[in-house]
Amino acid sequence: MSIEKVDVLVIGAGPAGTVAASIINKAGFKVKIVEKQKFPRFVIGESLLPRCMEALTEAGFIDALKEKGFQEKFGAKFVKNGKICDYFFADQFTPGWNWTWQVPRAEFDKTLADTVETMGVPVCYETMVTGIIFNDTHSLTTVEDVNGNKTEIEARFIIDGSGYGRVIPRLLNLDKPSNLPPRKALFTHTVDLNRSIDDEPNRITIVVHKPGVWVWVIPFSSGITSVGFVGDPDFFDQYKGSNEQVLRELISTQPYLAKRLKDVEFVFDPQILQSWSTTTDKFYGDGFVLTGNVTEFLDPIFSSGVTLATVSSQHASHLVIRKLKGEEVDWEEEYTKQLLQGVNTFRSYVMAWYDGTLDTIFFAKEQNHEIKKMICSVLAGYVWDLENPFVKDHDIALKKLARTIELRVLVDEDM
């Protein structure tokens, strides 16, 4: 069996893998990407956050992405029973990017992978990792392509950006359940002929369908719109029929969607994704680091997936470069602790969304403008800015704010 030698082997050609590969390649190291699937391929996570633009810029992807003409995204709109709560990224507390894109992930991910190949990083598609042996100074990874041909790759370091594939956690039995309850999504793409400027194509719309159940509406520049219902699996059990029949019935019962999307053409048969939340015992080990969804995928509600993928890879790649240069790296302090700051901030907001805390905040009669700017920064992905009280004290700050609003409502009712 032939052996190929590289400095860094990257598992996965999605946003996590390509960002890491590009940055390390720019530093002068030999990098190779192996990807189990054939691109382009469908995946959810279509609404990006401004923070990921910093990682995409450093990786050298922005110009190629601009050429694609993706739908620009300037904020998020939350809708509940006719009430609207707007967040515009230009109003955020944290300095940084104030816009991003809404993207069909198949085209977006293929653009990143194609671009990193033009930089000199080979991408081997339909190639599966079947085993890894870690030694003191290197690792030996066995991969198998779609034709059954096996190759061994010797690497000084491995970055696992395999997303839902979770290659290293599964090989090393690192997976463990998340503390988030299991949820289910039913979604498709629609031919959105009734779209108008009133439908805000330049931002994502989140509709509260009922407590614990919500809808995403993500328009693309192509005239296609992504729509999906998310909730407890039990919610969907009350509906009978095919996935298409269930989704059309759900659309018809939601006033905001019924007029715009009733009877529209579905681009593909609605798909189901469920029980996605999982995490690992550790985010690194001797000779490897985990990035993106391999560390933990939380929930689609605040579009955190691509941001955590790109930012974790951006950060990990710099630590890997230092390691390859012979420097000491404190992975626990410099990587795990830093990554968990962002993950746990998003986790607090996800939990606050489902327990009604954010419902109280978003749809309050009056909102403090400065506080709204701080929350907007979190929704823009700036979850590492400890100057922001709603990042530094994410869990406590949200609960205190919701309680203050509730008490104010009680006082108003008594007057």
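The values are calculated or read from the model by the stated rules, or taken from the named source; none is laboratory data. Quantities reported herein were computed from a predicted structural model and do not represent experimental measurements. Every residue, glycine as well, gets a Cβ built from its backbone with ideal geometry; the counts of neighbours run over all protein chains shown.
Annotations for the structure displayed:
- A residue that is over 19 Å from residue 20 (Cβ atoms), part of a loop (DSSP other than H, G, I, E, B) and either touching an Asp or Glu at 6+ places or on another chain (Cβ under 8 Å) or free of Cβ contacts under 8 Å to residues at least 12 places away in the same chain (or both) occurs nowhere in region 343-352.
- Residues of region 363-393 satisfying the condition of being of a type in the set (A, V, I, L, M, F, W, C) and part of a loop (DSSP other than H, G, I, E, B): 363, 364, 380, 383, 384, 386
- Neighbours by Cβ (under 7 Å, 6+ apart or cross-chain): first from region 45-61, within 13 Å of residue 204 (Cβ to Cβ); second among the hydrophobic types (A, V, I, L, M, F, W, C) and part of a loop (DSSP other than H, G, I, E, B): 46/103; 48/103; 49/380; 50/97; 50/99; 50/380
- Selected residue (criterion: surrounded by the fewest Cβ atoms within 10 Å (Cβ to Cβ)) from residues of region 224-252 that are in contact with a strand residue (DSSP E or B) (Cβ under 7 Å, 6 or more places away or on another chain) and farther than 17 Å from residue 273 by Cβ: 224
- Filtered residues of region 34-79 (kept if of a type in the set (Gly, Ala, Ser), in a strand (DSSP E or B) and touching a helix residue (DSSP H, G or I) at 6+ places or on another chain (Cβ under 7 Å)): 75, 76
- In the set (1) more than 11 Å from the chain's Cα centre (by Cα); (2) buried (at least 17 other Cβ atoms within 10 Å of the Cβ); (3) within 30 Å of residue 401 (Cβ to Cβ); (4) not β-branched (Val, Ile, Thr), the condition left unmet by residue 298 is number (1).
- Test for residue 135: is it more than 16 Å from residue 286 (Cα to Cα), more than 21 Å from the chain's Cα centre (by Cα) and of a type in the set (S, T, N, Q): no
- All of 38, 30, 68 fail the test of being without any contact (Cβ under 8 Å) to a residue 60 or more places away in the chain and within 20 Å of residue 153 (Cβ to Cβ), apart from 30.
- Only one entry in 29, 42 is among the aromatic types (Phe, Trp, Tyr), more than 14 Å from residue 105 (Cβ to Cβ) and surrounded by fewer than 23 Cβ atoms within 10 Å (Cβ to Cβ), namely 29.
- Selection within region 179-210 - buried (at least 18 other Cβ atoms within 10 Å of the Cβ), more than 12 Å from residue 229 (Cβ to Cβ) and at pLDDT 85 or above: 189, 190, 192, 203, 204, 205
- Contact map, region 173-199: first residue farther than 19 Å from residue 220 by Cα and of a type in the set (Ser, Thr, Tyr), second residue at pLDDT below 75 and part of a loop (DSSP other than H, G, I, E, B), Cβ cut-off under 6 Å, separation 6 or more or different chains; pairs are 178/277.
- Checklist (1) in contact with a Leu (Cβ under 6 Å, 6 or more places away or on another chain); (2) closer than 28 Å to residue 215 by Cα applied to residue 72, failing item: (1)
- Given (1) more than 28 Å from residue 98 (Cα to Cα); (2) in contact (Cβ under 8 Å) with a residue 40 or more places away in the chain; (3) surrounded by fewer than 20 Cβ atoms within 10 Å (Cβ to Cβ); (4) touching an Asp or Glu at 6+ places or on another chain (Cβ under 9 Å), index of the condition residue 213 fails: (2)
One line per residue, one yes/no per condition, for (1) in contact with a Cys (Cβ under 8 Å, 6 or more places away or on another chain); (2) crowded, with 18+ Cβ neighbours inside 10 Å; (3) free of Cβ contacts under 8 Å to residues at least 40 places away in the same chain; (4) acidic (Asp, Glu):
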position: 77; (1), (2), (3), (4): yes, no, no, no
position: 91; (1), (2), (3), (4): yes, no, no, yes
position: 150; (1), (2), (3), (4): no, no, no, no
position: 164; (1), (2), (3), (4): no, no, no, no
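- Set 261, 290: member being closer than 22 Å to residue 102 by Cβ and buried (at least 22 other Cβ atoms within 10 Å of the Cβ): 261
- Within region 309-354, the residues that satisfy the criterion of being hydroxyl-bearing (Ser, Thr, Tyr) and either over 17 Å from the mean Cα position of the chain (by Cα) or within 20 Å of residue 161 (Cα to Cα) (or both) are 310, 312, 313, 317, 335, 336, 354.
- Residue 366 vs. criteria at pLDDT 95 or above, surrounded by fewer than 21 Cβ atoms within 10 Å (Cβ to Cβ), over 20 Å from the mean Cα position of the chain (by Cα) and of a type in the set (Asp, Glu): no
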